[in-house]
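Rule-based calculations on the coordinates, nothing more; no lab input. The model shown is predicted, which means the values in this text are computed figures rather than measured ones. Cβ sites come from the backbone with ideal geometry, for glycine too, and all protein chains shown count toward neighbours.
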Ligand code: SF4
Ligand code: SF4
């Protein structure tokens, strides 16, 4: 997702501590990630959905999502990312899209493509869908299907890519890279060019949820990581004006963190299939935060005043070394969920940063696991996460 400057700056109340200095945020988020469902026919071991996947009976209805779209439009949200799971498994996707188009949102469908028909895609385009982001696991069909746990997926995705271009929809391809497909990155770049994608997102795995369970199977060696940096830098130069790259580096081999979601509660909001409104899609891992639900509170009120949004908004919550660091308003101390996972404290410095006392151990994990044989994947399946160790 891209960060786009937006909106006026307003002062908000901190309902957890009204006496505290009020943090600042934009009047509205730039982007809304709508996770319409956790259902998905694929089983990617790097999936960022939670281990306990939401069941269909708990999903927001089409009418509730339509109300979300109305609220988002009224608030001034610009971009809507229709995601999941696989959003196309919802037969009411068209009704939700209609409400988003009416609300004036720029609509991006994030899909694996495997359940789409040409007729349905054409219908979505006619209703006003603005953009499609399609995931690929590899250009080698057998390996792609092994990674996703879905037979026939690679051929179907190839068909869908052709339909997207025939229908004139802008296309981003998304490739999560890890030790089981990293050698194919040059071929994936060639494929993106050949198929007319405007953008290629090359994302090293972010280790939350299923990806964290599969870290030892996914983590690349330092040499493999450096190869991806070289490939992307070379291709970015060579393909200027043809293909735009988004490159997400591997945290374990970095020395400075990325600004989590462009800053916690700064520009993006996520709504889960059951309606929880989150500052980041992994925020429910911070289990003691109170996450408001869209069925009980308006989106604008949650954005400005929700306890979870204000918990790590701005910089006043920071501890040292972030508190006195001159990068604190650049990276906002990195990722709260990764800080929690590695240190037990979501207010700690992201261990990606070499100023964190946990950085050496964080890097050491990669240097140990990446050079050992890969364990088998724990595939993302309903119920599998509960039983996993
Ligand atoms: S990462 Fe894979 S399993 Fe998870 S939602 Fe996307 S396509 Fe489905
Ligand atoms: S100390 Fe904190 S603010 Fe400074 S670079 Fe590291 S993570 Fe960023």
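Tell me, what is the percent relative contact order of segment 118-203, built from C-alpha pairs under 8 Å that lie six or more residues apart? Present the calculation step by step, with values, prior to reporting the outcome.
Details: 106 pairs, mean separation 28.9, N = 86.
Result for segment 118-203 is 34 percent.
Where both residues lie in the chain, what percent of DSSP beta bridges are antiparallel, nearest 5?
Numbers: 6 of 39 bridges.
The antiparallel proportion sits near 15 percent.
For the chain, modelled as a Gaussian network with Cα springs under 10 Å, which listed residue fluctuates most, 191, 208, 46?
191
Starting from the Kirkwood radius over alpha-carbon pairs of the chain, derive D by Stokes-Einstein at 37 °C in a medium of 0.692 mPa s and give it in µm² s⁻¹.
Details: Rh = 21.5 Å.
The estimated diffusion coefficient comes to 153 µm²/s.
Percent of alpha carbon pairs in segment 126-269 separated by more than 25 Å?
Working: 3293 of 10296 pairs.
Value for segment 126-269: 32 percent of Cα pairs lie more than 25 Å apart.
When the chain is treated as a GNM, springs tying every alpha-carbon pair under 10 Å, which of 366, 63, 339 comes out with the largest mean-square fluctuation?
The residue that fluctuates most here is 63.
Per DSSP H run of at least 4 residues, take -39500 (n - 2.57); add these up for the chain, divide by its residues and hand me the 222 nm value, nearest 500 deg cm²/dmol. Let's see the in-between values first.
Working: 15 runs with 131 residues, N = 389.
Computed mean residue ellipticity for the chain: -9500 deg cm²/dmol.
For the chain, calculate the relative contact order in percent as a whole number, restricting contacts to Cα pairs under 8 Å that are 6 or more residues apart. Kindly include the intermediate steps, with their values, before the conclusion.
On the way: 760 pairs, mean separation 76.8, N = 389.
This gives 20 percent for the chain.
Given the alpha-carbon gyration tensor of segment 250-345, what are the semi-axes of its equivalent ellipsoid in whole angstrom, ordered largest first, with each equal to the square root of 5 times an eigenvalue? Please report the intermediate quantities before stating the final value.
On the way: eigenvalues 117, 40, 27 Å².
Whole-Å semi-axes of the equivalent ellipsoid: 24, 14, 12.
Computed over the Cα atoms of segment 60-139, what is the ratio Rg over Rh, Rh following Kirkwood?
Details: Rg = 12.5 Å, Rh = 12.9 Å.
Rounded to two decimals, Rg over Rh is 0.97.
Just need the relative contact order of segment 174-318 here, percent rounded to a whole number, with Cα pairs under 8 Å and 6+ apart. Please list the in-between numbers first.
Numbers: 161 pairs, mean separation 28.4, N = 145.
So the answer I get is 20 percent.
How would you order 120-128, 233-241 from highest to lowest mean count of nearby Cβ atoms within 10 Å?
Numbers: 120-128: 15.8, 233-241: 12.2.
Going by the mean number of other Cβ atoms within 10 Å, highest first, we get 120-128, 233-241.
Would you mind calculating the gained length between residue 194 and residue 297 on full extension (0.36 nm times residue separation, minus the Cα-Cα distance), in nm to one decimal? It would help to have the intermediate numbers written out before the result.
Details: separation 103, 0.36 × 103 = 37.08 nm, distance 4.64 nm.
Working it through step by step, the gained length comes to 32.4 nm.
With r defined as the distance between the Cβ atoms of residue 229 and residue 142 and R0 fixed at 30 Å, what FRET efficiency is calculated, to the nearest 0.05?
Values: r = 27 Å, r/R0 = 0.91.
Calculated value: 0.65.
Mean-square fluctuation check for the chain, GNM, Cα pairs under 10 Å: which of 110, 219, 330 is largest?
330
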